Amino acid sequence: MNGIPCPHAISCITFNGLDLKSYVDDCYKKKAYLKCYREVIHPVNDPELWKRTQYDDVIPPPYRRPSHRPVKKRKRGPADEDNRSQTHLSRRGQVQRCSNCGGVGHKKSGCTKPTKRVCDMLF
């Protein structure tokens, strides 16, 4: 067994009168915890006191805004037509159709015709 036994295994171990500690992995015991954390972590000096190296400083990669996120929350004017997203297609100009009857100008929730069942549409 690895790790800590599940409740069912603990029940079986104690029912048979066996030592439960012998079934727990050593990394979960107090001795391993104390061994791991016995070293002292020293505080770090101020960055101005760090030694300079011959290598260039590490800089983060440039920030890029996700392509699907709108840049501005306003209506676009004629001058903004060339600033549209190059990766996502706009739904502007498309006709909205009902998924129940196929009619134009309303959705399934506002459709007056009876709802089609999926099994009727398959056969």
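Cβ under 14 Å from V104's Cβ, V104 left aside: what net charge do those residues give with Lys, Arg +1 and Asp, Glu -1? Walk me through the numbers before you get to the answer.
Numbers: positive: R97, K107, K108, K113; negative: none.
Charge balance near V104 sits at +4.
Normalised by 2.2 N^0.38 Å, where N counts its residues, the alpha-carbon radius of gyration of segment 1-43 equals 1.59. Phi-derived couplings, Karplus 6.51 cos²θ - 1.76 cosθ + 1.60 at θ = phi - 60°, listed residue by residue for segment 11-24: 4, 5, 5, 6, 5, 7, x, 8, 7, 5, 5, 6, 9, 8 Hz, with x used for Gly and Pro. For segment 1-76, a Kirkwood radius taken over Cα pairs fed into Stokes-Einstein (4 °C, viscosity 1.567 mPa s) yields D = 65 µm²/s.
Of the trypsin sites (Lys or Arg not before Pro) in segment 3-53, the ones in a loop by DSSP (not H, G, I, E or B) with at most 12 other beta carbons within 10 Å are K29, R38, K51, R52.
None of the figures in this text is laboratory data; all of them are computed from the coordinates on show. Every value quoted in this text rests on a predicted model; they were computed, and no experiment measured them. Cβ: placed from backbone, ideal geometry, glycine included. Neighbour counts: every protein chain shown.
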